[in-house]
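Student: Before I ask anything, here is the structure I am working with.
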Amino acid sequence: MVDITIRKRPRAEAVITQRKFFKKTARGKIIKVLRERYLRDDVSCGVLSCTECSGEAVLSLDAHLQHKLFPSGHFILPDTNVFLSQMDLVESEMFTTPMVLLQTVIEEVRHRSLPLYNRLKALIKTEGKRIWVFYNEYRMETAIVRGEGETPNDRNDRGIRKATAWYSTHISSTHRQNRPAVILLTEDAANRRKAEAEGITTISLRRYVEGMINATQLLDLLAAAGSDEIEPTKAVEGRQALYPDYLPTSTLLAGVKAGDLHQGHFNADQYNYLEGSVSVQTFSKPILLVGREHMNRAVQGDVVAVEVFDETEWMAPADEVVDQDATLKNDDADDSGEEEEAVVDAESKAVSTSPSSNKQPTGRIVGVIKRNWRAYVCHIDSTSLTSSNSTSLSLQTVFATPVSRLLPRIRLRTRQAPTLIGQKILVTIDRWGNTSRYPEGHFVRALGKVESKEAEQESLLLEFEVPYRPFGKAILDCLPPEGDNWVVPPKADGNLAWRDREDLRNLLICSIDPPGCQDIDDALHARALPNGNIEAGVHIADVSYFVHPDTPMDSEAASRGTTVYLVDKRIDMLPALLGTNLCSLRPHVERLAFSAIWELTPDADIVNVRFTKSVIASKAAFTYEEAQIRKDDPNLRDPLTASIRLLNSLALKLKAKRMAAGALNLASPEVKIHLDSSESSDPIDVEQKEMRETNSLVEEFMLLANVSVARKIQESFPATAVLRRHLPPPKTNFEKLQDILKKRKGMVLDISSSGSLAASLDRCIDASQPTFNTLVRIMATRCMLSAEYFCSGSVGRDTFGHYGLASEIYTHFTSPIRRYADVLAHRQLAAAIGYSPLHASLHSKHHVERVLDVANRRHRMAQMAGRASVEFYVGLALKGRGEKQGVKEEAFVIRTFRNGVGVFVSKLGIEGLVMFKRDTQFDPDNYTITVPSSTKGLGDVMISVFDKVVVNIEVEKDRNTQRGKVKMSLIEPVDSRAL
Amino acid sequence: MSSRIEILNEGGFRSDGRRQYELRDITIDMSQQGTADGSAIITHGLTQVLVSVFGPREAKMRSQTLYDRANINVEVSIASFSTGERRKRSRGDKRILEMAATIKSTFEPVVQTNLYPRSQIDIFVQVLQQDGGLLQACINATMLALASAGISLLDFVSAVTGGVHSTSPMLDLTALEENDIPHVTVAVMPRTGKVTLITMETRLHVDRFEEIFKLACEAGKVIHGEMRAAIRLRTGMLISAMQSVSQNAGEKEDEQMYEY
Ligand SMILES: [Zn+2]
């Protein structure tokens, strides 16, 4: 039994052991809060060989540090600002000084920025970093109380100084010799002066790094904010402001509350860097922001406050493509404070849009409520270098161009500029002052040579924030110790694995998947029942048997949220042992499963359904093609084939029912990349994915299982069931597509319900263009909202529906190996059938909401990463195929601009832009442009949305940024290269 | 994020500096309060409760008189200044009535009511300050007040709260902790090891429950030790004060005190 004790809190010390403060409640009431604090003398200092403190210790004297200023060994104690502004530096593998991290510092970081706090927490656990968390607020000698009139900031600074002083005395009383120095790192000059007066060794981070042996590399990681050691210089003061100042936060929040201002996420426009928008609830259309000044230093994803102009000043989005690389190519990185006339000119021209009918709310950003800056993958713009001498170590200011078109160029100072040319690098933004046209940032690390697969792959993962580190030891320790040799234990009484499990090993179960599938998480069976009905079963890998709540493996899976599939790499949500072996329902081996078994009438009406944990032994693993061939071969009469035919006949009826209920048949341009071989991974071809009847067979049964499970868990846990929904799209989303269809094709899109939309999409047929219907479906898909996970108790019952599937309830149950939401659904279903009690966290709405928020975000990011990976390989494939001239492909116009057209190449599943050098006759209301024919004497040619054209596609490397770009030019009906 | 305070941090400290199994400071004041036959003020951290016991005395109301044993009557009042948010709770408040009923049912099997037929024992519980563990403080203070009134009890009773943060059990919760994690209050009779009360308003996993239950029983013994020491101290003081008056009376009281 553990030792239970009573802690004494002497009343005489109440001044520092009690804390009284006033707090405002959500309802606006002021309440008094009294809290206790127990001060102790057993909070360990963490120094190895300390004679006084017991327990774990990580701070060791390091002889290899070789710091110029502290040759005899030392520990550092950074203050809060070091972590707030210099996290990249501290995270660097080269920064290995043993470090004391104070509780006061951790709490301040947590208070100031949650993302940084999370990084700090990860940092503490990083192997090789010797970081000791010292709970100074609980130690008798170091705890302090805020004095009267003292600001929280000053109080914390004083606490940090006190802890530093304590460390010094503590070490000198516990160490006879080899006494390490404890150095307070702070960027605050005033704090340093105070510390020095108290006899504490202190130094700025910059000076500390300068004394380190790897100073050159580390100094680059120092964020810009750290560079002005002294005071802000005159140079900055002298500059004129390029952007309006932000309003104070309190004004912003009050404005948002009062409805004068609007809060939302800033979205940059991918075609025009001088435009952005913010979607807010008040308006059905997003608020348009035109021009640099009105976008006022917002970066993609920031939460901003917007002021909307009077309706007379509303504008329509520009109908022109404005590329920042082209417009700003002559801008000098060193003194962007000076407005160059050429730039201003070019920009003002780009901004002045023609009045058009599509006006939408227009406004300007008056403040940023929350920055969402992260590390961005960039290239160094070679023209911004003043010296490209590869051995030059002089400090240069250069431009980094982010890979994403949605981000502005970032100005950074580095000594390694020449060596970074031609590399993909990671850059973070540190600040964006109103005298600087560009944000300022710093170099984090190099990812590798541009177009090397490793660098491209890693940059893709970073760009979409996919966690891709290998699984750590703590996680792998959660796996069964037998590893690959694990088998379902023999069926015997009292064997835990068999508890309450049905033995379904004799059923004729098989799996149907794409070729080469390693993580088989579903298998099926069907058989005729004596009463004329049919029994059908879906068997899903029993992942929750291996992944228990509250284990390191579970938390890792929750934070990864999903497996990410790139063309040549899979980033697993769960360790491969589970995904590709123990939980993979391979043929001819016994596996644990969670089964949903229905009795269906021959017309596919559900008579009943039951769920059970089971043991299965799949009889075969088919590819879609194999299953299809088997089904269609009249000579085959074996029971397995019969069961596939049975499943197929049911699937056809299930699908017909869904369609009758108004389900949408949406199209997404899915292409498949053929890789040469697994080693070289050079793409040799791109083809569109083929859909077979058997694809649909599997899909129908998965949908059926998901719907049935959703009903069951919602019934059992109405407050916290993990469900998935697809909200109906707002009508305004379709306005443009409806208008285009009406004007160009005379077709009508009825969006009053999903059923009518499905029906009208079916009618969008152009006999002369067989792919036209697919194109409309793709465009319609883009008008919809995306499906999302949600906690059933958090939203109204009437908003549960899945619009696309036309189902009143839905969840994800069928892929627990690769989706975390499914793992939760499994746990809830297991509890619903009384197999095991539900873990406390799944009773908590708050917890479920939080986990699903992460899952939604990861899901979205994974999709984008997958798409970007396909795009990259399509580019490589084009390069491989096209030699010099590029590749000619058929394409459809999907958008018209004043100076170009947006096209979609269905065969490759990619979108591109064709730009014209000279202006055209542009009719925005009819979505047409008119250009002179390239053949003399043929007059003008009109191009409109939905037109079929031929484009030439080549991959061109931007000379300056090394950014690989797909460049498209029109071949038919006119040759745009001549324009 | 609802709360930015960590319930249990990675260093194993709770938000007030305690570790998982550390109980808050306990102070006990058993000095005479007004005309009560027995009274006690107990403080668990920042939760403070005063209990006054009157009786056993003749039952005032016929209807409540039990011919073979004493009737226990519990009234709870919560001072409006006891929480930061001033809020007046009427006597008829459902929560207050429920708490009174809980205290009553906790002590009914412990008080030797059959020794006092046709009488009543009135227990007035006043909550002076609240910071979690309210029921625990009420029960412990009632125990002490009953003892100081010299009422015969079968065994001692001591109560404690316990909760589970993720998978880590912890004892003697503050209001902040109670708001965040599932918790139980357990009252045990340390000598016999019997449990006279267990309440739970939040859901708790079965496996976790067993763990926290065992811990709470252990913690009850620790609190028992503290309360016994306070009673001894009080008795000692009474003895020395009474010695001049009557030695016998002192001894008798002493005997009774040690019965629990
Ligand atoms: Zn020590």
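The values are calculated or read from the model by the stated rules, or taken from the named source; none is laboratory data. These numbers come from a predicted model, not from an experiment. Neighbour counts run over all protein chains shown; Cβ positions are idealised from the backbone, glycine included. Note: accessible area is taken over every heavy atom of the protein model, side chains too, but ligands, DNA and RNA are not part of it. Shrake-Rupley method; radii C 1.70, N 1.55, O 1.52, S 1.80 Å.
Student: For the stretch B:244-260, which positions are at pLDDT below 50, surrounded by fewer than 13 Cβ atoms within 10 Å (Cβ to Cβ) and not in a helix (DSSP H, G or I)?
Tutor: B:SER246, B:TYR258, B:GLU259
Student: Could you say whether any residue in the stretch A:562-583 is open to solvent by 20 Å² or more (accessible area, probe 1.4 Å), closer than 21 Å to A:SER643 by Cβ and either hydrophobic (A, V, I, L, M, F, W, C) or outside the structural domain of A:ASN856 (by TED's automatic domain parsing) (or both)?
Tutor: no
Student: Can you name the condition, by its number, that B:GLY38 falls short on among (1) open to solvent by less than 30 Å² (accessible area, probe 1.4 Å); (2) within 14 Å of another protein chain (Cβ to nearest Cβ)?
Tutor: With respect to (1) open to solvent by less than 30 Å² (accessible area, probe 1.4 Å); (2) within 14 Å of another protein chain (Cβ to nearest Cβ), B:GLY38 is out only on (2).
Student: Let me ask something else. Quick test for you: out of B:HIS183, B:HIS165, pick the one residue that is touching a strand residue (DSSP E or B) at 6+ places or on another chain (Cβ under 6 Å), surrounded by fewer than 19 Cβ atoms within 10 Å (Cβ to Cβ) and more than 23 Å from B:GLN112 (Cα to Cα).
Tutor: Result: B:HIS165 is the single residue among B:HIS183, B:HIS165 that is touching a strand residue (DSSP E or B) at 6+ places or on another chain (Cβ under 6 Å), surrounded by fewer than 19 Cβ atoms within 10 Å (Cβ to Cβ) and more than 23 Å from B:GLN112 (Cα to Cα).
Student: Moving on. Looking at this structure, is A:ARG867 touching a residue at least 24 places away in the same chain (Cβ under 8 Å) and away from chain B (no Cβ under 14 Å)?
Tutor: Working: touching a residue at least 24 places away in the same chain (Cβ under 8 Å): no; away from chain B (no Cβ under 14 Å): yes.
The answer is no for A:ARG867.
Student: Does the stretch B:201-217 contain at least one residue that is among the acidic types (Asp, Glu) and at the interface with chain A (Cβ under 10 Å from one of its Cβ atoms)?
Tutor: Checked the stretch B:201-217: at least one residue is among the acidic types (Asp, Glu) and at the interface with chain A (Cβ under 10 Å from one of its Cβ atoms).
Student: Suppose we filter B:LEU135, B:LEU173, B:LEU128 for residues that are closer than 22 Å to B:THR27 by Cα and touching a His at 6+ places or on another chain (Cβ under 7 Å); which single one remains?
Tutor: Sole residue among the options that is closer than 22 Å to B:THR27 by Cα and touching a His at 6+ places or on another chain (Cβ under 7 Å): B:LEU173.
Student: While we're on this one: Filtering the stretch B:67-83 down to residues that are touching a strand residue (DSSP E or B) at 6+ places or on another chain (Cβ under 9 Å) and in a loop (DSSP other than H, G, I, E, B), which residue is nearest to the other protein chains (Cβ to nearest Cβ)?
Tutor: Filtering first and then ranking leaves B:THR83.
Student: Let me ask another. Based on this model, can you work out whether A:TYR135 counts as closer than 16 Å to A:LEU59 by Cβ, within 14 Å of chain B (Cβ to nearest Cβ) and within 16 Å of the ligand (Cβ to nearest atom)?
Tutor: Considered against the rule, which asks whether it is closer than 16 Å to A:LEU59 by Cβ, within 14 Å of chain B (Cβ to nearest Cβ) and within 16 Å of the ligand (Cβ to nearest atom), A:TYR135 comes out as yes.
Student: Can you say whether A:VAL615 is in contact with a Ser or Thr (Cβ under 9 Å, 6 or more places away or on another chain), over 30 Å from A:LYS907 (Cα atoms), hydrophobic (A, V, I, L, M, F, W, C) and not assigned by TED's automatic domain parsing to the domain that holds A:PHE904, as far as the supplied structure shows? Before you say what the answer is, go through the steps one by one.
Tutor: Values: in contact with a Ser or Thr (Cβ under 9 Å, 6 or more places away or on another chain): no; over 30 Å from A:LYS907 (Cα atoms): yes; hydrophobic (A, V, I, L, M, F, W, C): yes; not assigned by TED's automatic domain parsing to the domain that holds A:PHE904: yes.
So A:VAL615 fails the test.
Student: Of everything in the stretch A:716-755, what is open to solvent by 60 Å² or more (accessible area, probe 1.4 Å) and assigned to a strand (DSSP E or B)? Give them in sequence order.
Tutor: None - no residue of the stretch A:716-755 is open to solvent by 60 Å² or more (accessible area, probe 1.4 Å) and assigned to a strand (DSSP E or B), so the list stays empty.
Student: Continuing with this model, one more query. Just a yes or no: is a residue in the stretch A:217-231 in contact with a strand residue (DSSP E or B) (Cβ under 9 Å, 6 or more places away or on another chain), at pLDDT 90 or above, away from the ligand (no atom under 16 Å from the Cβ) and not hydrophobic (A, V, I, L, M, F, W, C)?
Tutor: For the stretch A:217-231, residues in contact with a strand residue (DSSP E or B) (Cβ under 9 Å, 6 or more places away or on another chain), at pLDDT 90 or above, away from the ligand (no atom under 16 Å from the Cβ) and not hydrophobic (A, V, I, L, M, F, W, C): absent.
For (1) open to solvent by 60 Å² or more (accessible area, probe 1.4 Å); (2) in contact (Cβ under 8 Å) with a residue 40 or more places away in the chain, each residue gets a yes or a no:
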residue: B:ILE198; (1), (2): yes, no
residue: B:VAL206; (1), (2): yes, no
residue: B:VAL222; (1), (2): no, yes
residue: B:THR235; (1), (2): no, no
residue: B:MET242; (1), (2): yes, no
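Student: If you don't mind, there's one more thing I want to ask. So, in the stretch A:155-205, how many residues would count as being hydrophobic (A, V, I, L, M, F, W, C), within 16 Å of the ligand (Cβ to nearest atom) and part of a loop (DSSP other than H, G, I, E, B)?
Tutor: Of the residues in that region, 0 qualify.
Student: Further, regarding this structure: Considering only helices (runs of 4 or more DSSP H) fully contained in the stretch B:90-183, which possess at least 2 residues that are more than 13 Å from chain A (Cβ to nearest Cβ)?
Tutor: B:94-107, B:134-148
Student: Please determine, by comparing only the residues of the stretch A:829-838 that are touching a strand residue (DSSP E or B) at 6+ places or on another chain (Cβ under 7 Å) and assigned to a loop (DSSP other than H, G, I, E, B), which one is farthest from A:TYR545 (Cα to Cα).
Tutor: Here the answer is A:ILE833.
Student: Name the helices (runs of 4 or more DSSP H) wholly within the stretch A:60-131 that hold at least 2 residues that are more than 14 Å from chain B (Cβ to nearest Cβ) and either open to solvent by less than 20 Å² (accessible area, probe 1.4 Å) or acidic (Asp, Glu) (or both)?
Tutor: Per the criteria, A:80-85, A:87-91.
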